[in-house]
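Below is one structure; the comments refer to it alone.
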Amino acid sequence: MNPITTTLVVGISVAALAFVAYALVSAWRKVMRDKTPLPLYGMLTRMGLTAPEAAEQLGIEAVAHAARRCALCGSSEECQQRVAAGTPPPADCPNGALFSELTRPQA
């Protein structure tokens, strides 16, 4: 392989790795900085469920994925306000399908 091609491939690889590292660090900082409970848990509470009860219905992996999606979502403040006001999650909520799959406990 000629030196220009090698340099180009290495440069693109380093740039891609730097981009992925930056994205991971940014996500980690966002999650660690926010000390408020995830809106996911507020929505579950409004449905009369706890996280373990939701995990029992859908599986622990589904709830763990939902928590990650919620933690990394950019609409956390809006969702906190929705939880406080008692309104449903927005139509574009990444966990909307999860909420529709859950059933309320029988009283």
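Taking Pro3 as the residue in question, decide whether it is loosely packed, with under 13 Cβ neighbours inside 10 Å and either within 22 Å of Arg104 (Cα to Cα) or in contact (Cβ under 8 Å) with a residue 60 or more places away in the chain (or both).
The answer is no for Pro3.
Please find, within the range 20-63, the residue that is farthest from the chain's Cα centre (by Cα) out of those that are more than 15 Å from Pro89 (Cα to Cα), of a type in the set (A, V, I, L, M) and open to solvent by less than 40 Å² (accessible area, probe 1.4 Å).
Only one residue tops the list, namely Leu49.
Give the residue that is farthest from Leu24 (Cα to Cα), with candidates limited to residues of the range 70-96 that are within 10 Å of the chain's Cα centre (by Cα) and aliphatic (A, V, I, L, M).
Ala71
Only residues that are in a loop (DSSP other than H, G, I, E, B) and surrounded by 14 or more Cβ atoms within 10 Å (Cβ to Cβ): list them for the range 69-98, please.
Residues satisfying the conditions are Cys73, Ser75, Pro89, Cys93, Pro94, Asn95.
Show the residue pairs meeting these rules: Cβ distance below 6 Å; 6+ apart or different chains; first residue within the range 9-29 and in contact (Cβ under 8 Å) with a residue 40 or more places away in the chain; second residue hydrophobic (A, V, I, L, M, F, W, C) and surrounded by 10 or more Cβ atoms within 10 Å (Cβ to Cβ).
Pairs found: Ala27/Leu72.
Taking the range 69-86, which residues are of a type in the set (D, E, K, R) and closer than 16 Å to Phe99 by Cβ?
Arg69, Glu78, Arg82
The values are calculated or read from the model by the stated rules, or taken from the named source; none is laboratory data. Note that the structure is predicted; figures quoted are calculated from it, not measured. Ideal geometry is used to build each Cβ from the backbone, glycine not excepted, and the neighbour counts take in all protein chains shown. Areas reflect the complete protein model, heavy atoms only, side chains present, ligands, DNA and RNA absent. Shrake-Rupley method; radii C 1.70, N 1.55, O 1.52, S 1.80 Å.
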